Amino acid sequence: MDIFIGVVVGLLVLMFLVTAHEFGHFIAARRNGVNVLEFGIGFPPRIAALIKDPKTGKWRKLPRSEWSKDKVSKVVYSDAADKSLAQKGMIFSLNWLPIGGFCQMDGESVADTRDGTFGKASFWSKTKILFAGVAMNWLVAIIIFTILAWTGMPEFLDNQFTVGIDTRTNSVPVKITSVAENSPAAQAGLQAGDYITAVGDSEVKYASEIMDINEAHAGEEVTYTVQREAKAGCCLDECPECTCVENCRTELQEKSFDIVLNPAGSEYLLGITMETSQALSYSTWSAPIVGVGLTAQLTGETFKGVGVMLWNLISGVGSQFSADEAVRESGQEAISSVGDSVSGPVGIIGVLFPAFTSAGPANLAFLAALISVSLACMNVLPIPALDGGRWLLIAIYKLRKKKLTKETEEKIVSRAFMVLLALIFIVTILDIVRMAQ
């Protein structure tokens, strides 16, 4: 049931983020004199549709019998003198497939030079229209992160952006959930239920920090500072007959343990399992600054991740032509890391959203903002099927002072789109394999 709810929530969140992206295109198109034929939530087939008559400016329900383009143009412009204006009555539609949204502009080919078309718009207007969707996704992320900064921001990143003078962190120390028999931890006296607050001279907040320190000091003596619950009040051992329940309480006592870790390569170094309660940070006046700063930080991390992924892919494929077996094996690991670091629609909806939904609304909102940032970054990339690629194609032909014909544009964009679909298909297969494991 949790998975089903997570999948439904995931579809709704992704539809909202994609629709917000398309709404950015819609606003920019309208402000720059480009007619929008249809703005749709979801993808066809249609559930319902409204149409705005350009002559009266009023909205009315569009009957199913008038859904075809020819019938729409006849209904809206039955007495219009200029028949070339047909299809400029904007349609707002709600559609059955919850996989995003769309903004259909009039004359989306650069070669179309009719008034009110995308092709007729100036280069600067085209730039604003193409990148407005990206800007909207960044804006959505900023708004979500601003709200989270006020209500409780989950900490997922090392050195996650905050404004130190206006940040209060509500964190719980790392808790030991079990201790292996005859392990260094057990021999030293660590117990399940202890909270580790420091290792050596370093304060720790996450289990990963403790594991990193342990690996760096394998075989060495390390000091662990823990807090342990102890009886207090009338429940002390010297008062065994006490029945005053309201006075019975526990308090945390701090203890230190010097423990010699097992050497590297052992089954375990310390011999404990740990649990980290999620830390939440709170801001007041600086919340909007945190929203902008964290969006910028995640944008940088996303571009960095894409760069590393492309480098691993290119270097990994290139290494397969080497005569050195060790180089080829290293390249295969690099290629494998690319597959492990990429997640497609199935992985996002079927794995990430169920996990984050069950973790609570703050985690779900953080994931939505993160995906919004990712959508913005992906659409900036110079891939012809995406906004950044379309802009680059238009810019190249403008610099060359050559006309970009409709046939050339469609050929380039369609081939890039086919490659993109192939990549999505491969990533989807990898997602399914990972889920089946």
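The values are calculated or read from the model by the stated rules, or taken from the named source; none is laboratory data. Everything quoted here is computed from the prediction, not taken from an experiment. Neighbour counts run over all protein chains shown; Cβ positions are idealised from the backbone, glycine included.
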Q | Evaluation of Ser372 against (1) among the small types (Gly, Ala, Ser); (2) buried (at least 18 other Cβ atoms within 10 Å of the Cβ); (3) more than 18 Å from the chain's Cα centre (by Cα) (one fails), failing number | A | (3)
Q. In the range 154-194, what residues are of a type in the set (S, T, N, Q) and either assigned to a loop (DSSP other than H, G, I, E, B) or touching a helix residue (DSSP H, G or I) at 6+ places or on another chain (Cβ under 9 Å) (or both)?
A. Asn159, Gln160, Thr162, Thr167, Ser171, Asn182, Ser183, Gln191
Q: May I ask you to list the residues in the range 141-163 that are surrounded by fewer than 15 Cβ atoms within 10 Å (Cβ to Cβ) and either of a type in the set (S, T, N, Q) or outside the structural domain of Ile371 (by TED's automatic domain parsing) (or both)?
A: Thr151, Asn159
Q: Among the residues of the range 107-120, write down those that are buried (at least 22 other Cβ atoms within 10 Å of the Cβ) and touching a Leu at 6+ places or on another chain (Cβ under 9 Å).
A: Val110
Q: Would you confirm whether any residue within the range 247-264 is modelled with pLDDT under 90 and part of a helix (DSSP H, G or I)?
A: yes
Q) For residues in the range 118-146 being touching a Gly at 6+ places or on another chain (Cβ under 8 Å) and under 27 Å from Ala48 (Cβ atoms), which is modelled with the lowest pLDDT? A) Phe118
Q) What do you reckon, is Phe123 surrounded by fewer than 14 Cβ atoms within 10 Å (Cβ to Cβ), under 30 Å from Cys377 (Cβ atoms) and in contact (Cβ under 8 Å) with a residue 24 or more places away in the chain? A) yes
Q. Which one is farthest from Ile176 (Cα to Cα) among residues in the range 188-221 that are in contact with a strand residue (DSSP E or B) (Cβ under 8 Å, 6 or more places away or on another chain) and of a type in the set (S, T, N, Q)?
A. Asn214
Q) Can we say Thr169 is at pLDDT 95 or above and under 29 Å from Gly360 (Cβ atoms)? A) no
**Q.** Within the range 180-215, tally of residues that are of a type in the set (Val, Ile, Thr) and on the phi > 0 side of the Ramachandran plot
**A.** 0
